[in-house]
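Q: There's a structure below that I have some questions on.
Laboratory data are not the source of any read-out in this text; all were calculated from the coordinates shown. In this text the structure is predicted, and so the values were computed from the model without any measurement. Note that we place each Cβ from the backbone using ideal geometry, even for glycine, and neighbour counts take in every protein chain shown.
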Amino acid sequence: MLRAVSVPAFPASPGLAHLARAARGSKHLPSPRLHRIPQPRRTAGAPAPYSTSSSARSSTTPLRIAMSVTAAAGLATATAAVSLSRSPLDPLECNEQKTAPLENGRPSFVPVNTIDLDDASIPMRLRMIHHIKSLQSTICTALEELEPSGKKFKSSYYLRDASKGFGDSRVLQDGETFEKAGCNISVIKSTLSVPAVRQMRAERFDWWDGESELPYFVAGCSLVVHPRNPHAPTIHFNYRYFEIQDPKDPNGEPKAWWFGGGTDLTPSYLYEDDARAFHGEYKRACDAHDPSYYARFKKWCDEYFYIPHRQETRGVGGIFFDDLSDRDPEKIFAFVRDCSNAYLPAYYPIVERRKDQPFTEEEKRWQQLRRGRYVEFNLVYDRGTKFGLAMKEPRTESILMSLPLTSRWEYEPEVGTQDGTREKELLDILKQPREWA
C-alpha cells in the first residue's frame, strides 16, 4: 500500500526519530549521528505538525510518547504517524536549495551534496539515495528555467508501508517548452518472487535454494522529457543500484549487487550537431573511467532500444549498461555519478537551441507518429516498465510517467517514405545506427 503526499520538501515528525532508528534494522542503514533531519519552523501558538490532541500533549512528555507508541495499544497511532514522516530508508538531509545562475545565465548543472559521496564508511545504498535525491532536485530546477509558462514540477512524495521504501515523482505537464517532463526517484526494500529471481542472471544466485523469496534493495532515478517543439528531442535516462540479500540473513552483507543505467536521445528531426554533441558528452564521461566503456555501452544502447516489429531503433542512442559489478563498487559508483551528472550539460543546450524554433502542422504530426513508436517500445519491450508493473505494490502513475502526453498512430502513413525528406533521413539512420563520437 502506498501513501502519497504532494509536497516537495516533507518534514520529519520530531517525536519519531526513535522509530526511524528502530525501523532501520540493518547495518546497511546509517547511524543517527551521520545525518540530522531539519525540523520545520513554527510560528508562536501554532500546533506542532502531525501532533496528537492538545490534551494528550499537555499530559504526556516526548519520552513517554516515544515509549507508548511501541506498546501494542499504540501501534495504530504509531503507524499513522510514521506514514506522515520520512521513510526510515530516507534519513539523509538533501538541501533543495536553488543554486545561483552561472555567468552564461544558465542554472547550475552540479548537484549539491551535503555528504561526501566518496566516503566508503557510509553504506553504498545510502550514498546512492543521497545522489539520486540531489540529482533530481538539480535537474528539475534547471529544466524549470527553460519553461517560460512559469509551470513547476509537481512533486508527489510517497511512502511504502512497513518501512519498504519511498519515492518522489516530479512531473511538469502541459507547459510551453515541455509537453511532459518527469523525473522520479524510487527506493524499495522488499522481496523478489521466485519467478522474478529466475529471470535474472543464474550465476549470481548459485547459493540460492531455488525456493525462497530473496530480500532486495534498489534505489534509482529515472527521467523522460517530451518537449512540445518537434525539433527538440525526447530524452530518457535511468540510473539504479541493486542489492540482494540471503533470506537467512536479510540484514547482512549483500550476496549480490550491481549498477545499471544509461541515457539515450530520441529526436523527431535529426540535427547532426546535436547528436554529436550529446554523444560527445557521454564519451567523455565514459573515457574518464574506462576507454572501452563508450563503444561497449553505445552498442548495448543501440541493441537494447530496438523495436523488432518496426525493425528500427527508438532513437539515435547514447549509452546503456546493466549488471555492472565487474570491479570495485566505488569505481562503478563514481562512473554512474559522472554519467548521470552529464545529463544537463548534454541536453540543456539542445533544448535551449530548439525550443522556440518555428514548426509546421506536418512536423508536429511526424513528432506524434514518432512518439507512437516510443509508446510501443516502452509498453512492449522495456524491462524497467515490466519490472515496475510486476512489483508487489506497483505505483502505476510513476511507472507510466515515461509515456508522452500526446501521440499518434496512422495506418500506413506516407510521411517518412519519400526519398530526400528529413523524415526519411531519420528513419534511414534508425534502421542503421551511426557512430557519432
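Q: Testing the spin-label approximation: label points 7 Å from Cα along Cα→Cβ at SER292 and ARG422. State their distance in nm.
A: If labels sit at SER292 and ARG422, their model points lie 4.1 nm apart.
Q: Which part of the stretch 409-423 falls in the paramagnetic zone of ASP273, meaning amide N under 19 Å from the point 7 Å along Cα-to-beta-carbon?
A: Correct set: 422.
Q: Ranking request for peptides 350-357, 404-411, 368-375: highest mean number of other beta-carbon atoms within 10 Å first, then the rest in descending order.
A: For the peptides 350-357, 404-411, 368-375, the packing ranking is 368-375, 350-357, 404-411.
Q: If you don't mind, another one. Could you state the per residue volume, in Å³, of the convex hull enclosing the Cα atoms of the stretch 124-431?
A: Hull volume normalised by residue count: 134 Å³.
Q: Could I have the simple spin-label model distance between GLN311 and ASP338, label points 7 Å from Cα toward Cβ, reported in nm to one decimal?
A: 4.0
Q: Treat the count of other C-beta atoms within 10 Å as a stand-in for reagent exposure and order ILE307, ILE185 from fewest to most.
A: Placing the least packed residue first, the sequence is ILE307, ILE185.
Q: By the gyration tensor of its Cα atoms, with a ≥ b ≥ c the square roots of the eigenvalues, what is the shape of the stretch 308-367: rounded for a/c under 1.5, prolate for a/b over b/c, or oblate?
A: Because a/c hits 1.5 or more and a/b fails to exceed b/c, the stretch 308-367 counts as oblate.
Q: How far apart, in nm, are two points set 7 Å out from the Cα along the Cα-to-Cβ line at GLU414 and at TRP300?
A: So the two model labels end up 4.4 nm from each other.
Q: Given a Förster distance of 45 Å, report the FRET efficiency between GLN173 and SER193 from their Cβ-Cβ distance, rounded to the nearest 0.05.
A: The calculated FRET efficiency here is 0.85.
Q: Here's something else I'd like to know. Distance from a point 7 Å along Cα→Cβ of ASP209 to each backbone N in the stretch 240-259: keep the residues under 20 Å and list them by number.
A: Within reach of a label on ASP209, which here means backbone N under 20 Å from a point 7 Å along Cα→Cβ, the stretch 240-259 contributes 244-256.
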